[in-house]
Amino acid sequence: MLRYLYADELHHHPRLAKSMFLDRADQFKKRLGWEVDVDAQGEERDAYDALNPLYVIWEEADGSHGGSMRLLPTTGPVMVNEHFDHLIEGPVTSPLIWECTRFCLKRGAGGHVAAALMLGGGEIMQGFGIKHFVGVFDARMVRIYRMIGSSPEVLGSEGEGAAKISVGLWDFCAQAQALVSARAGVTPEQSRFWFDQAMGNQRRQPSAKTA
């Protein structure tokens, strides 16, 4: 199932949270070789996790992490403006654009998990009145985005081949929703139920306070 959790709510789901940060370390440090910080417990976190972001998480039947992504509004500190500004023309700053980072799939996760996360992103857009997500992605993600039917508009890139990284901008139309819903094996009605159950009327902005 999809869960929507702010950073200050993660302690209510300790197994889910711990396995998410462990899987992030496995993906970004071990598999991709990124220069990320991994703590003594083997968990990967960075400064943006301290800004009380909103996480969209696929929870497996046993309560563990299957995949996740992290969301912050571009009106505050975001990676695309602070670390990848050389790939774009001017900062991305708008209440209608949120940044999506740390798109993570646990080792061996099926394609339905990536699609479910994108479906959850669409619920965030509709529920919060957001028009676009912006994010940095590497070459391996191009095939995944194409497979699940949610490819971004590329704003800028650097590097070649497997080392290529890009800044992308996503929207979410009804056609995209239908595609990712089918790929995820989750009906739009079920997806909306999970979002409404999690968020209700308490739709506070991420980065509202430090976690």
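The values are calculated or read from the model by the stated rules, or taken from the named source; none is laboratory data. Fair warning: this is a prediction, and the values are worked out from it, not measured in the lab. As a convention, Cβ positions derive from the backbone with ideal geometry for all residues, glycine included, and neighbour counts pool all protein chains shown. Surface accessibility is based on the protein's heavy atoms, side chains included, excluding ligands, DNA and RNA. Shrake-Rupley method; radii C 1.70, N 1.55, O 1.52, S 1.80 Å.
Every helix of 4 or more DSSP H residues in the chain counts as -39500 (n - 2.57), and over all residues that averages to -9500 deg cm²/dmol at 222 nm.
Which of V80, V134, V38 ends up with the largest GNM mean-square fluctuation for the chain, with Cα atoms connected below 10 Å? For the chain, modelled as a Gaussian network with Cα springs under 10 Å, the answer is V38. Here the spin labels are modelled as points 7 Å beyond Cα on the Cα-Cβ line, and at Q126 and A47 they lie 3.6 nm apart. Whenever you get a sec, compute what percent of the accessible area on the chain sits on carbon and sulfur atoms (1.4 Å probe). On the chain, the fraction of accessible area on carbon and sulfur atoms equals 53 percent.
The smallest convex shape that holds all Cα atoms of region 1-90, its convex hull, gives 112 Å³ per residue.
Extending 7 Å from the Cα toward the beta-carbon at both R192 and T93 defines two label points whose distance is 3.7 nm. A convex hull fitted to the Cα coordinates of region 112-211 yields 123 cubic angstrom per residue. Taking all protein chains together and a 1.4 Å probe, the residues E189, E123, E89 rank E89, E189, E123 from largest to smallest accessible area.
Over the chain, what is the mean sequence separation of C-alpha contacts under 8 Å (at least six apart), divided by residue count, expressed as relative contact order in percent?
Computed over the chain, the figure is 23 percent.
Derived value for the chain: Kirkwood hydrodynamic radius 17.2 Å. Basis is the mean of 1/r over every pair of different alpha-carbon atoms. For D37 and R140, the FRET efficiency from 1/(1 + (r/R0)^6), where r spans their Cβ atoms and R0 equals 22 Å, is about 0.50. Taking all protein chains as they are arranged and a probe of 1.4 Å, the heavy atoms of M141 leave approximately 10 Å² accessible to solvent. Within the full protein context, the accessible area of D49 is estimated at about 10 Å² for a probe radius of 1.4 Å. Modelled spin-label separation between S64 and R15, with each label point placed 7 Å from Cα along the Cα-to-Cβ direction: 1.0 nm. Specify the residue with the greatest mean-square fluctuation among E99, E158, E43, computed from a Gaussian network of the chain linking alpha-carbon atoms under 10 Å apart. Maximum among the listed residues: E158. Under the rule a/c < 1.5 gives rounded, and otherwise a/b versus b/c splits prolate from oblate, where does region 148-200 land using the Cα gyration tensor? Prolate shape, in that a/c is at least 1.5 and a/b is the bigger ratio. When only alpha carbons are used to place a centre, region 59-85 and region 140-193 end up 15 Å from one another. In region 7-56, inverting the average of 1/r over every pair of distinct C-alpha atoms gives 11.3 Å as the Kirkwood radius. For K131, the accessible surface of its heavy atoms amounts to roughly 120 Å² (probe 1.4 Å, protein chains only, rounded to the nearest 10). Of A114, A139, A17, which is the most mobile in a GNM of the chain whose springs link Cα atoms less than 10 angstrom apart? Result: A139 has the largest fluctuation of those listed.
Accessible area per residue for region 59-191, computed on protein heavy atoms with a 1.4 Å probe, is 44 Å².
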